[in-house]
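Engineer: Before we start, here is the structure in question, set down as structure tokens.
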Amino acid sequence: MAKEANINEIVQTLQEAQQNKELLEALTTSLERYVAGQKSGLAELKNLVNQARSGQLKIKKRGGYRGRRKKEDTAANDQVQ
């Protein structure tokens with residue numbers, strides 16, 4: 001006589017398989033997004049390297065407010081004057 005299948009165990013196994021499938025899909029989607037981001041970053045770096053080699057890289061000069069001087073520097077300047 002064949003062993004009767006326990007329907008509850010079968011249902012539970014199917015539910016776990018479905019959850020694993022959904023988890024796998026989520027992981028692959030996340031990895032695909034990560035790889036796409038890495039590829040775009042790599043393309044930008046390659047572009048910068050090519051511009052630097054060809055001499056077409058534009059150098060940005062710093063501008064704007066750079067903060068206060070340190071207190072030690074201002075105190076030394078006050079004593080000199």
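Engineer: Go through A5, A17, A43 for me and flag whichever is among the hydrophobic types (A, V, I, L, M, F, W, C), in a loop (DSSP other than H, G, I, E, B) and on the phi < 0 side of the Ramachandran plot. Before you say what the answer is, go through the steps one by one.
Structural biologist: Working: A17 fails: in a loop (DSSP other than H, G, I, E, B); A43 fails: in a loop (DSSP other than H, G, I, E, B).
That would be A5, the only listed residue that is among the hydrophobic types (A, V, I, L, M, F, W, C), in a loop (DSSP other than H, G, I, E, B) and on the phi < 0 side of the Ramachandran plot.
Engineer: Then there's this: Is it the case that segment 55-69 has a residue that's in a helix (DSSP H, G or I), at negative phi and not polar (S, T, N, Q)? Give the steps one after another, and end with the answer.
Structural biologist: Quick first cut of segment 55-69, residues in a helix (DSSP H, G or I) only: none.
There is no residue in segment 55-69 that is in a helix (DSSP H, G or I), at negative phi and not polar (S, T, N, Q).
Engineer: May I pose another question? E25: over 25 Å from the mean Cα position of the chain (by Cα), acidic (D, E) and at pLDDT below 95, yes or no?
Structural biologist: Numbers: over 25 Å from the mean Cα position of the chain (by Cα): no; acidic (D, E): yes; at pLDDT below 95: yes.
No.
The values are calculated or read from the model by the stated rules, or taken from the named source; none is laboratory data. From a predicted model like this one, the values you see are computed outputs, not experimental measurements.
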